[in-house]
């Protein structure tokens, strides 16, 4: 906070100053309602709470060096104070005055669902060009918003302010403080219905924001939301719908359009800017591809041009957040490159669909708040998991008279998503469990109901299985953070088999095993691999990658010096790194390339082959094709006639696309080429097409025979489905902690994750 004197503050809040007159020109260094945060030269605002009256802390605060305090009653000591009728109202009045004096752009955000995630997205984008202040935590109400405004310093250029409400007139009071230059509404959902009645009431309350926008302000709305898409033109304190009717966003009979307009001044008429997935919106997205729990890829279309972007936080709703952020970015002069960078830089917030990966579980921590719309969105995210899917859901508050019906609907929706286990906790959630039970006869979803959180915690170790993917979500008052904490510390017993051997060969998968999330070998792991090679151990790099994608790592580990080997294309090719000799090479029959291509081109996928220096794209490169190119550090070469172009021996074809499409193609291709090819998915979005009888285990046996060793002398480390056979065949099969659940199940031993030097741990345990 800067440049607010006690004289200004007194005038702003309509109070009466008592104290030394010379202090009136002094400027406060900040504003606090918490006595512990009221430092030197602060203004203390004592708020009367349900249990504690801040006035009792005034002597303590003044002793700490506060410059002045507000008070609702006269003070007997000599401390300077400003007498006001309501400290809570004075806090808002002072914040309004402070905001009005600032030369800063303000983005105001509200909506039923997604306010916080949209705020984070917009802030991440704007930070690429501006110094940004954003609402912290849950500081989005009539106390939190003023305190956020007071955090604005001279270096800030944009403030992104979240505004949450539960009743009529609240937004009116919040927007009067924020005075937004850009108004963003994410959606109109079923929230706070006990006060707002229905979705029309929710819209009426949310659109109170418009009355206090600054002259020339932009209004950015979700055009896919049926209630927001109706808004055609926004006036000073009302808006016109597409049918020509006018809506005044006030339910209080003491407020009409005329009085509201006179209170805020003339804002003029504004045509909203719409975003969504529908191409009729000014900002829209298509080519949307789920990356499972790793996020979403999409192409954003804007009046300024188009760009493809990967959103690292999972959930279809994040596409909307990115579009809203894109629209705000364009309004504030950012380039498309800056916007793309900001979207891809976004990191999840604790309690807001935050993915936590422990040694044993994957947890979707979304326990900050809940309503029917956000519950369903989070269940959509959970449904993309590849492991056993578990939802731990609790009561949703403030839903009015329809609360039981809305809980029942969420339960039914959860069962429709074909979860493995649904745990419902809380009084209201009994209806959720009942709704799920009615539907669950159609699938295998197991449903458990617990009256209290403690009941669930007492049973958690008996119902949660290792490698589960778990969604935790409820209204904030349920305090489900305790459940997240308990899950993070849940342990499971391991069975360890065959470890007391003299191992001579170490076979390493690459992605998710040897390399970390940045696709790099850490220095400690590299040093350990060089050390064991110097002592005579043989290192083999075994990957589904093409040979050019493996050789740089082989060179980094000096396999050519120590006599190591590269096993590429999942075993179709073996190369002696010392001599360059090809020990084994099996290629795809040339006659299957065209029919495989013809089958693939009927789907929204890409088909790939590999040359020595490029990835050959036969249909149209997608985000998964681009991922494969990045993994292998190879350029993409798009060709028009794929079957004609592939006139050279090739070890593998790869189909890249959405999980649902690769799964369908896997079935279809296997029915066509069962006797000619080995077809399987190495990742949900990668469908491998290999020569028959080729896998890592088969080829490793050929290598072992060539060098005079046995499988009992071999350790194999991996994380993917294509590693299972080699783990089962090895003397010691090691799965990474980040491995697919089935891989971990088949392994003899589970090491640390690829981001925790899991390979180094294996070397230290078994090879030196």
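The values are calculated or read from the model by the stated rules, or taken from the named source; none is laboratory data. Values in this document were obtained by computation on a predicted structure and should not be read as measured data. Because the Cβ atoms are built from the backbone with ideal geometry, glycine has one as well, and the counts that use them run over all protein chains shown.
Tabulated values for the structure
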read-out	value
Selection from the stretch 454-473 of residues that are in contact with a strand residue (DSSP E or B) (Cβ under 6 Å, 6 or more places away or on another chain) and surrounded by fewer than 23 Cβ atoms within 10 Å (Cβ to Cβ)	468
Residues within the stretch 196-247 that are touching a residue at least 60 places away in the same chain (Cβ under 8 Å) and in a strand (DSSP E or B), tallied	3
Residue within the stretch 148-162 that is under 30 Å from residue 405 (Cα atoms) and in contact (Cβ under 8 Å) with a residue 12 or more places away in the chain present	yes
Residue 463 being modelled with pLDDT of 90 or more and not assigned by TED's automatic domain parsing to the domain that holds residue 731	no
Residues (over 28 Å from residue 386 (Cα atoms) and either crowded, with 22+ Cβ neighbours inside 10 Å or touching a helix residue (DSSP H, G or I) at 6+ places or on another chain (Cβ under 7 Å) (or both)) located in the stretch 304-322	304, 305, 307
Only listed residue being outside the structural domain of residue 224 (by TED's automatic domain parsing) and in a helix (DSSP H, G or I), chosen from 333, 342	342
Selected residue [modelled with pLDDT of 95 or more, touching a helix residue (DSSP H, G or I) at 6+ places or on another chain (Cβ under 9 Å) and under 22 Å from residue 315 (Cα atoms)] from 393, 386, 421	393
Residue match in the stretch 630-649 (condition: out of contact with any helix residue (DSSP H, G or I) (no Cβ under 7 Å at 6 or more places or on another chain), surrounded by 21 or more Cβ atoms within 10 Å (Cβ to Cβ), without any contact (Cβ under 8 Å) to a residue 40 or more places away in the chain and within 18 Å of residue 603 (Cβ to Cβ))	no
Answer residue from the stretch 474-484, given it is closer than 21 Å to residue 362 by Cβ and surrounded by fewer than 20 Cβ atoms within 10 Å (Cβ to Cβ) and is farthest from the chain's Cα centre (by Cα) among those	482
Hey, residue 427 surrounded by fewer than 19 Cβ atoms within 10 Å (Cβ to Cβ) and over 23 Å from the mean Cα position of the chain (by Cα) or not	yes
Qualifying residue in the stretch 377-393 (condition: farther than 30 Å from residue 685 by Cα and outside the structural domain of residue 117 (by TED's automatic domain parsing))	no
Selection count where residues are within 23 Å of residue 511 (Cβ to Cβ) and not in a helix (DSSP H, G or I), scope the stretch 563-575	9
Boolean, residue 248 is crowded, with 19+ Cβ neighbours inside 10 Å and modelled with pLDDT of 90 or more	no
Of the criteria (1) within 26 Å of residue 313 (Cα to Cα); (2) in contact with a helix residue (DSSP H, G or I) (Cβ under 6 Å, 6 or more places away or on another chain); (3) assigned to a helix (DSSP H, G or I), which one residue 119 fails	(2)
Residue 653 being crowded, with 20+ Cβ neighbours inside 10 Å, closer than 16 Å to residue 595 by Cβ and not assigned by TED's automatic domain parsing to the domain that holds residue 384	yes
Condition met for residue 406 (more than 27 Å from residue 737 (Cβ to Cβ), touching a helix residue (DSSP H, G or I) at 6+ places or on another chain (Cβ under 7 Å), part of a helix (DSSP H, G or I) and in contact (Cβ under 8 Å) with a residue 24 or more places away in the chain)	yes
Count of the stretch 413-424 residues which are assigned to a helix (DSSP H, G or I) and surrounded by 18 or more Cβ atoms within 10 Å (Cβ to Cβ)	3
Residues of the stretch 278-295 classified as buried (at least 17 other Cβ atoms within 10 Å of the Cβ) and at pLDDT 90 or above, total	5
